[in-house]
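Since the structure comes first, as structure tokens, the remarks are kept for the end.
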Number of protein chains: 2
Amino acid sequence: MAEGGPGPGSGESLLFLTDEQLRKGIEAMFFAYRGFTADPDRILEEHAYGRAHHRAIHFIKRSPGTTVNNLLGILGVTKQSLNRVLRTLIEDGLVESRIGRRDKRERHLFLTEKGAALEGEISDVQRARMRTAYRAAGPAAVAGFRQVLEAMMEPEMKRQYQSLKDGGT
Amino acid sequence: MAEGGPGPGSGESLLFLTDEQLRKGIEAMFFAYRGFTADPDRILEEHAYGRAHHRAIHFIKRSPGTTVNNLLGILGVTKQSLNRVLRTLIEDGLVESRIGRRDKRERHLFLTEKGAALEGEISDVQRARMRTAYRAAGPAAVAGFRQVLEAMMEPEMKRQYQSLKDGGT
DNA sequence: AACTTTATGTCAGCCTTGTTGACTTTCCAA
DNA sequence: TTGGAAAGTCAACAAGGCTGACATAAAGTT
């Protein structure tokens, strides 16, 4: 699949995508994702939780009252796997599970005050890093960053992502 | 930590970083990383390997002859964890481990032809997705993407990342 | 009313990939 | 030459994925 790299002089208006360039992009994703999860991981460890717990409370915070099934779709894990995490979060009093009023089979999930506190703590450090990175890179870079990430998503996840439209801008 | 969102009219020259904006960035990373690993995961599954194996052969390909210790620094796992993965790759004939000539404690790692074949197969699909995303987003977006990712890395990882400088451009 | 489907939860067991602890071999420096 | 440090290996454990089987309750269908 080698692209037969264009020389230094070939059109910059098209894309100059040598395998080396693409490889750098791939490694950038790899290392950046580690940075992205580093702060949350530190906090979670103090509380004896893992990333799985973080993902759950993140999306419950984003969509309070979401059902277990919704969450399964977003997280892309099995119900057994999610259930294990959810059970401990409920036992520990971070998440509340309310039986649906219209459809009593459904469980609607909410963060308790305690759960919101942990979510907030993690959210804060994660946003802080994102904010720093954004400021270092500048507004144009931020737009590009989001565009590339969006183009990299699987179609179904892209829908999930876009279903929460941008707040202000 | 709420930023007290600036209204639609406030200076676009500074950064317009509402919590909502930052949250979108966080979710973009989350969903994009899934897309990023989706194709490799499919191929790896056919060969009964996991992401850990992929990471190993990726960085051995990038730096042939690297030692186990070097690899540990890059991958950020324990040597025991890496060793298990390495052992199966060596048993399966994808990786060759040569005892160091100067320092016999060291093992220098190389991909065999078979290992290079798998690495290439995975690399191809991963680059293909990256290329598609880059093309969809355009050159300016690509630059921004890389800038933000780099700003998001932990300092030590940033050094690792930058140690392989850009090929052409 | 009987049957089927859906939503959720649970138990059991497996696999990958992280972890720590203990150990061997090799190297180097006092 | 001997003791510590470094590189690598083996053993055992934990988290969090997975599948399969099954239970319950509520909805929906016939």
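What follows is calculated from the coordinates using simple rules that are stated; it is not laboratory data. In this text the structure is predicted, and so the values were computed from the model without any measurement. No Cβ is skipped: glycine too gets one built from the backbone with ideal geometry, and neighbour counts run over all protein chains shown.
If you run the Gaussian network model on chain A, springs between alpha carbon atoms under 10 Å, then out of A:128, A:151, A:52 the most flexible one is A:151. For region A:90-139, the equivalent ellipsoid derived from the Cα gyration tensor has semi-axes of 34, 14, 6 Å, listed largest first. Comparing B:147, B:80, B:21 in a Gaussian network model of chain B where C-alpha atoms under 10 Å apart are linked, the largest mean-square fluctuation is found at B:21.
When the Cα positions of B:142, B:31, B:47 are compared along the charge dipole of chain B, B:47 comes out farthest toward the positive end, with charges on each C-beta of Lys, Arg, Asp and Glu.
In region A:19-127, inverting the average of 1/r over every pair of distinct C-alpha atoms gives 15.1 Å as the Kirkwood radius.
Considering only Cα-Cα distances, which of the following residue pairs are longer than 18 Å: B:79/B:158; B:61/B:104; A:24/A:158; A:79/A:114; A:24/B:158; A:24/B:61?
Long pairs (Cα-Cα over 18 Å): B:79/B:158; B:61/B:104; A:24/A:158; A:79/A:114.
Rounded to the nearest 20 Debye, what is the dipole magnitude of the protein assembly as shown about its Cα centre when Lys and Arg each give +1 and Asp and Glu each give -1 at the C-beta? Kindly include the intermediate steps, with their values, before the conclusion.
Details: 52 positive and 44 negative charges, 100 e Å.
It comes to approximately 480 debye.
In this Cβ point-charge picture (+1 for Lys and Arg, -1 for Asp and Glu), region A:19-127 has a dipole of about 660 debye about its Cα centre.
Counting only other chain Cβ atoms within 10 Å of each residue's Cβ, the peptide B:154-163 averages 4.
Pairs of alpha carbons in the protein assembly as shown separated by more than 26 Å make up 55% of all such pairs. Centroid-to-centroid, using Cα positions, region B:110-155 and region A:66-104 are 35 Å apart. Our helix-only sum for the protein assembly as shown, with -39,500 (n - 2.57) per DSSP H run of n ≥ 4 divided by its residues, gives a mean residue ellipticity at 222 nm of -21000 deg cm²/dmol.
Can you give me the angle between helix B:51-62 and the longest principal axis of chain B, using Cα atoms only, in degrees from 0 to 90, rounded to the nearest 10? The answer is roughly 80 degrees. Residue and whole-Å distance for the chain A Cβ lying nearest the axis of the A-onto-B rotation are A:144, 1.
Residue by residue along A:119-132, Cβ atoms of other protein chains within 10 Å of the local Cβ number 4 on average. Position residue B:80: other-copy label points at 2.7 nm, ordered by increasing distance, label point 7 Å along Cα→C-beta.
If we count trypsin sites (Lys or Arg not before Pro) as exposed when they sit in a DSSP loop and have at most 15 other beta carbons within 10 Å, what is the longest stretch of chain A that avoids them all? Here the longest segment lacking exposed loop sites spans A:1-100. Summary value for region A:65-169: 21 percent relative contact order, contacts being C-alpha pairs under 8 angstrom separated by 6+ residues.
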